[in-house]
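The values are calculated or read from the model by the stated rules, or taken from the named source; none is laboratory data. Please read these numbers as outputs of a predicted model, since none were measured by experiment. Cβ placement follows ideal geometry from the backbone for every residue including glycine, while neighbour counts extend to all protein chains displayed. These accessible areas exclude ligands, DNA and RNA; they are computed on the full protein's heavy atoms, side chains included. Shrake-Rupley method; radii C 1.70, N 1.55, O 1.52, S 1.80 Å.
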Amino acid sequence: MGFFEILAIGVALSMDAFAVSVCKGLSMRKIDYRYSFIIALYFGGFQALMPALGWIGGSYFKQIIESYDHWIAFLLLAYIGGKMLWDATHPDEDEVTEKADRLPVDHKELLVMAVATSIDALAVGIALAIEDVNILSAATIIGITTFCLSFVGVAVGNRFGSKYENKATALGGLVLIGIGIKILSEHLGFLA
């Protein structure tokens, strides 16, 4: 996998974090850049950590599953992408909160949200191990991409509200499904 494929995975994986960041921005009366930075750091850090953990696990089991690894990568990416599409078309009504001038930094809440939005990156890490991807560069690209999009997400939420949240999640799901189809097609000989 090349840089642009990893970047596309990073963008797709960051859509959950972007959506949560938009919600955080919705609750701010005025943009708080320090708080935006902390949110982005949590999400970017966990989006970088989780694929690395998945890659370690996937590397361990690679020899056992090598004959059908492309199916595993496809199914994992298709499942994650499908879940993102489902979430985009079936939004949670409880996400809107009241606006505040300055929100206190709740590290426990951010930790839970960062882990919850990066679980899918763990599965992607397994797929990256199957594809023999350099995990250090991949995790760095994914983490930086998520950091940037989360930071922007807070500003977007503060400025535009929830108008684009579901569209971004749906796009991320479609990208992951597309990459899964590409991996499967390459291994089955449809793409050279």
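A few points about this structure:
- Förster radius 25 Å - calculated FRET efficiency between His107 and Arg29, Cβ distance, rounded to 0.05: 0.70
- Based on protein heavy atoms only, the chain ends up with 52 Å² per residue of surface accessible to a 1.4 Å probe.
- Listed candidates (1) 18.0, 65; (2) 16.9, 56; (3) 21.4, 66 - label of the one calculated as Rg and Dmax of the Cα atoms in Å: (2)
- Applying 1/(1 + (r/R0)^6) with r as the Cβ-Cβ distance of Thr140 and Phe160 and R0 = 35 angstrom yields a FRET efficiency of 0.75.
- Amide H to amide H, with H built 1.01 Å from N, Met28 comes under 5 Å of Ala100, counting only residues 5 or more places away or on other chains.
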